[in-house]
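Notes follow once the structure below has been shown.
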Amino acid sequence: MTGTGKLVRLILRRDRVVLPLWVVLLGLVPAGYVASFEGLFPTAAERVAYAQVSASNAGFVTLYGPLHGSSLGELVAWRAGFLPVLVALCALLTVIRHTRADEEAGRTELIGAAAIGRPAPLAAALITTCAASLLLGAVLTAAMLGQGMPGAGSVAFGAEMALTGCSFAGVGAITAQLTSSARSARSIALVVLGVAFVLRVGGDVSALGDGSLSWLSWLSPLGWVQHLFPYGENDWWPAVLAVLFTIGTAGLAAVLLTRRDFGAGLLPARLGPSSAAAGLRSPFALAWRLHRGLLLGWTIGFALLGLIFGGVGGSVLDIAADNPDLGDIFARLGGSSALVDSYFAGTAGIVGLIAACYAVQATLRLRDEEQSGHAEAVLTTAVSRYTWAGTHLLFSLLGPVVVLAAEGLATGLAYPQGDLGAILAGTLVQLPAVWVLAALAVLAFGLIPRLSAVAWAGPALCLLILLVGQTLQLDQWFLDLSPFTHVPHLPGGDASVTPLVTLTLIAALLTAAGIAGLRRRNLPD
Amino acid sequence: MTEAIDATGLVKRFGPVAALDGLELHVATGEVHGFLGPNGAGKTTTIRILLGLMRHNGGSVSLLGGNPWTEATALHRRLAYVPGDVTLWPTLTGGEVIDLLGRLRGGLDLRRKADLLERFQLDPRKKGRTYSKGNRQKVALIAALSSDVELLILDEPTSGLDPLMEEVFREVVLEEKRRGDRTVLLSSHILAEVEALCDRLTIIRDGRTVETGTLSDMRHLTRTTIQAELAGPPDGLATLTGVHAFQLDHDRVRFDVDTEALEPALQKLVQVGVRSLVSQPPSLEELFLRQYQADR
């Protein structure tokens, strides 16, 4: 364990921006829900009505978990039910980043040759990540107390998030020992997180019916922490499970570490074909190989999202029937009198924004290829910069078509009483706005390659506008900055073509400017 | 004879820093040309300009008779490049990368590929991320050497290879040289490699060409080391132009002397009287060290 303290400081130095960002941001999110629930449901009677409908709705239970009570605290804690997944994601990525990713890149070797104990890098990554998770919990507790929420519930709420982080730090630590590549370690850890989520959903949804499979929730670390039921039961014994799980996974990771060679994984690296398939002969074939995994993953994710949104759709009417105020709010958000239409138009906007994240990610693959030196290998063959960039941009421009169509179809299938064509159209009209954000990424890549990551500011700003724009009643010019503001609200709204054409033209111009910049600049830069 | 590479007065600036400052590089068709210089001298920058990856700010450059920036794609069909630090796509196997790069260049010689895989002892079934540095280098070398191209641009191609594999590399390049129609630009730090393979070489430092010519041309530029036992004090020898690192210990002297100052220096020694004399011929190693060390 020699040198663990020094390595902890090294991690804090390297993550001095990212770590505080997720700790503080995720920690503060639930406090924002307090005000919004107070505003939406000012009286206890309204909260009870809302809770009754939500607690029995499969879509909501899928997303947020089980809901037992109707107090303000319970509603807020329940509404934050997806947050553990995000905390888990941050925790496992942080651990893998400072264990297997460093080992693969050769940085651990450099450190390992110094006076550093063999388990020190693993210990340092776990200690830092668990400490960050606990801090996140503390931030959350403090913020809830600041909103005047009860003490015991706020502590339990904080503990829910902190323990999730610790549990999945342990999961990340184990998967980091299994394979020699950080990428595979991340994939396996994400599958574990996905399975934990599905088990939790399976158990919780079963509990709505006959409850025969409700024990499934107890197989999932995500299920345990939600059974703390902050502000309600404040039940602490599931927390014991999470603590034991953290200790167990960390211990197992340490044992696995001693059973393997440096740089190697426990799972053998698989061999592939000794020569390329006949089809692997063009820049497009290469781009397909590099993008297909990303596209497949996003398509599956979007289809699942569609099923959830479609499934929730049915209960929108129920909620509104019981609560006229909420009905007003949906109508205001959608700008249409038909409540279900405005619900689907609203979800289409969210889905479009998520699709823009995929488009930006796919575009920035160009920068990854440039920085890793792969672009150099391709561009010194008879492949022009246009062709090289074009083959990747096919995925950032047409990939969103695929994922949005998957989401629209899944939504329509999960809500059979709706008009599939109208729902699909509502999703696909988001494309021009998605393209504008993708085109901004192309522009950044072409003109300011070293700052390509600023392309993420586009989706971030649009998210901000989506989240707070309507609520805070900001000026129209600010709302207009988001291309999604200009997309027609479908189904239900005016199917105006002008904004779609304008957005597409803007996207085309930005892309052309980015490509022109790429043609003129040094590569790699 | 036409020149495969013809760079005159090449200038490349990165902001205020001039990476290349009037560099000259002339490589005749069919020769193996060594390209040497200390780290940071501008070798890789020059190669990237030749490959059309970067644009130069001044001077002129032509590659295989064309403009490397505007005609990059057409010229790249006729050349193959091995970078100094090869990175492979993590999910593609070595064999897939060799085939893909060959096909993107316009075809590769499958028999040559099989032969090279055998000689370099590379397992082409492994995924890119599992190869060691030396094996990644082999993947790029096999991809380049099994392509039927006029020009090979090799940027420190043997870094990471073990001595046995370096020997294989030398044999393969000599085979290419015997064919007579292939030009090779070889950037290298390994003197034995340069000595064994190159017809001519260019040494650069701080973005400028400091020497260019054949190896025997260069030997004339080096210093001979003289050790002698003398009958009396060697007055005036230490201050003679062309004499360096002069040391006197009682009746023994030791100094380095430029080729052009050899005769006056020896005359001085003879005037004093020589009891014994050891002369060490100029070595290539010394030449490089002297050229690499700026302003000493």
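The values are calculated or read from the model by the stated rules, or taken from the named source; none is laboratory data. Small disclaimer: the values here were computed from a predicted structure and weren't measured. As a convention, Cβ positions derive from the backbone with ideal geometry for all residues, glycine included, and neighbour counts pool all protein chains shown. Side chains included, ligands, DNA and RNA excluded: accessible areas come from the protein's heavy atoms. Shrake-Rupley method; radii C 1.70, N 1.55, O 1.52, S 1.80 Å.
Considering all C-alpha pairs of the stretch A:8-94, those separated by over 16 Å amount to 60%. Taking 7 Å steps out from each Cα toward its Cβ at A:Ala55 and A:Ala113 produces label points 6.3 nm apart. Take every DSSP beta bridge whose two residues both sit in the protein assembly as shown; close to 70 percent of them are antiparallel.
Out of all Cα-Cα pairs in the stretch A:387-437, roughly what percent, to the nearest whole number, are more than 19 Å apart? For the stretch A:387-437, the fraction of Cα-Cα distances above 19 Å is 35 percent. Roll a 1.4 angstrom probe over the protein heavy atoms and tell me the percent of accessible area of the stretch A:110-169 that is carbon or sulfur. Roughly 78 percent of what the probe reaches on the stretch A:110-169 is carbon or sulfur. Under 30 Å of direct C-alpha separation, and excluding same-chain neighbours fewer than eight residues apart, A:Lys6 reaches these lysines: B:Lys133. Calculated on the Cα set of the stretch A:402-525, radius of gyration then Dmax: 16.8, 55 Å.
For chain B, a Gaussian network of Cα nodes joined below 10 Å ranks B:Arg254, B:Arg105, B:Arg48 by mean-square fluctuation, and the top entry is B:Arg254. Using a cut-off of under 18 Å, list every residue of the stretch B:17-53 whose amide N is near the label point 7 Å from the Cα of B:His244 along the Cα-to-beta-carbon line. Under cut-off, by backbone N: B:37-38.
Averaged over the residues of A:182-189, the number of partner chain Cβ atoms lying within 10 Å of the residue Cβ comes to 1. The A-B contact accounts for approximately 3400 Å² of buried accessible area, totalled over both chains at a 1.4 Å probe radius.
Per the Debye calculation on the stretch A:1-267 with a single equal scatterer at every Cα and no solvent contribution, log₁₀ I(q)/I(0) for q = 0.12, 0.15, 0.16 Å⁻¹ amounts to -0.71, -1.02, -1.12. Per-residue SASA remark: A:Val85, around 20 Å² accessible (1.4 Å probe; ligands, DNA and RNA not included).
Per residue, the solvent-accessible area of the stretch A:1-267 (1.4 Å probe, heavy atoms of protein chains only, all protein chains present) comes to 41 Å². Listed peptides A:506-513, A:107-114 appear in the order A:506-513, A:107-114 once ranked by packing, highest mean of other Cβ atoms within 10 Å at the front. Loop-located trypsin sites (Lys or Arg not before Pro) across the stretch A:126-213 with a Cβ neighbour count of 16 or fewer within 10 Å are lacking, with loop assigned by DSSP. Legend: mean number of C-beta atoms from other chains within 10 angstrom of residue C-beta atoms, peptide B:177-189, equals 0. If the limit is 23 Å between Cα atoms, which of B:Lys12/B:Lys138; B:Lys12/B:Lys177; B:Lys43/B:Lys138; B:Lys43/B:Lys126; B:Lys43/B:Lys113 go over it? Exceeds cut-off: B:Lys12/B:Lys138; B:Lys12/B:Lys177; B:Lys43/B:Lys126; B:Lys43/B:Lys113.
Take the convex hull of the alpha carbons in chain B; its mean projected area over all directions comes to 18.6 nm². Within 10 Å of the Cβ of each residue in A:270-283, the mean number of Cβ atoms contributed by other protein chains is 6. Among B:Thr46, B:Thr158, B:Thr214, the largest mean-square fluctuation in a Gaussian network model of chain B (Cα springs under 10 Å) belongs to B:Thr214. If the label point is 7 Å along Cα→Cβ of B:Val11, which residues in the stretch B:32-50 have backbone nitrogen under 17 Å from it? Within reach of a label on B:Val11: B:46.
For the set A:Phe284, A:Phe344, A:Phe197, solvent exposure ranked by accessible area (probe 1.4 Å, protein chains only) runs largest to smallest as A:Phe284, A:Phe197, A:Phe344.
The 3J(HN,Hα) values that the Karplus relation (6.51, -1.76, 1.60; θ = phi - 60°) gives for the stretch A:77-87 are, in residue order, 4, 5, 5, 8, x, 8, 4, x, 5, 5, 4 Hz. Gly and Pro appear as x. Once the convex hull of all Cα atoms in the protein assembly as shown is built, its volume per residue stands at 206 Å³.
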